[in-house]
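Visitor: Submitted below is the structure of interest, expressed as structure tokens.
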């Protein structure tokens, strides 16, 4: 049903209702896309619903859309992958989150690891988390998903490992090839990606104790933001919708 640009709005979508767009969405529509009254667009709430809508007011102080129909969104993978991604500097973390969302990830948790060189606290962590969530929402606008996967607050690797109960658990680490691809009944997976310097041996051992299988992605060393793209592609190919 996609018509016009896709815009994420953290709001309840009702058929035949007029919705005043939240500030961020309104600025994007008016100042970035430069849409005007009568333009068609698709709104989605990030929780699985999307709506065909028409702009009925575009002003400096507010933007209003009239909703026509509301339907369940599409684009969600049958495989629920929770990505544990070691925090990296600069735009590498943005790239990893963006591409993971495009590849159908169900949840992302930034991780503090031994070899990771990023430590966030207080207001800086809150700002970075809000930014990462915005990256995830923007990726959904681009790729057609109506459900924005949660980006959880950063935690230690130990805390993340302790909460895992997915059917398949994989940690990126050079290892002897395993037969994880041939397993049956896989509908959820946890994927652990380390930092640029790799996971410490003790961290790999802890992951193994938590039921993780080492995963090797060929003979070349991949960057921390490239690794989730390749690993998620493999998972979606074997158990998802690629």
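Bear in mind these aren't lab numbers, they're just calculated from the coordinates by the rules spelled out. A quick note: this is a predicted structure, and the numbers were derived from the prediction, not measured. Virtual Cβ from ideal backbone geometry, glycine too; neighbours counted across all protein chains shown.
Visitor: Roughly what % antiparallel, to the nearest 5, for the DSSP beta bridges in the chain?
Guide: On the way: 18 of 43 bridges.
Of the beta bridges lying entirely in the chain, close to 40 percent run antiparallel.
Visitor: Under 10 Å, Cα contacts only: if you run a Gaussian network model on the chain, which one of 168, 192, 35 comes out with the highest mean-square fluctuation?
Guide: 35
Visitor: I would also like to ask the following. Taking the Cβ-Cβ separation of residue 205 and residue 91 as r and a Förster radius of 35 Å, what is the calculated FRET efficiency to the nearest 0.05?
Guide: 0.65
Visitor: Which residue fluctuates most in the GNM of the chain (Cα springs below 10 Å): 135, 63, 148?
Guide: Of 135, 63, 148, the Gaussian network model singles out 63 as fluctuating most.
Visitor: Given labels modelled 7 Å from the Cα in the Cβ direction, how far is it in nm from residue 130 to residue 69?
Guide: Those two pseudo-labels are separated by 3.7 nm.
Visitor: How big is the gap, in Å, between the Cα center of segment 57-106 and the Cα center of segment 150-190?
Guide: After rounding, the separation between the Cα centres reads 22 Å.
Visitor: What is the distance, in nm, between label points placed 7 Å from the Cα along the Cα-to-Cβ direction at residue 175 and at residue 242?
Guide: It is 2.0 nm.
Visitor: Give the residues of segment 50-79 whose amide nitrogen is closer than 17 Å to a point set 7 Å from the Cα of residue 18 in the direction of its Cβ.
Guide: 53-69
Visitor: Taking Cα Rg over 2.2 N^0.38 Å as the quantity of interest, determine which of [x] 0.94; [y] 1.12; [z] 1.02 was computed from the displayed structure.
Guide: Working out Cα Rg over 2.2 N^0.38 Å from the coordinates points to [y].
Visitor: If I take every Cα pair under 8 Å that is 6 or more residues apart in the chain, average their sequence separation and divide by the length, what percent do I get for the relative contact order?
Guide: Working: 471 pairs, mean separation 49.5, N = 242.
It comes to 20 percent, rounded to a whole number.
Visitor: For a Förster distance of 45 Å, can you work out the FRET efficiency between the beta-carbons of residue 182 and residue 115, rounded to the nearest 0.05?
Guide: On the way: r = 32 Å, r/R0 = 0.71.
The value I calculate is 0.90.
Visitor: Okay, moving on. With springs only between Cα atoms under 10 Å apart, run a GNM on the chain and tell me which of 16, 138, 188 wobbles the most.
Guide: Its mean-square fluctuation being the largest, the pick is 16.
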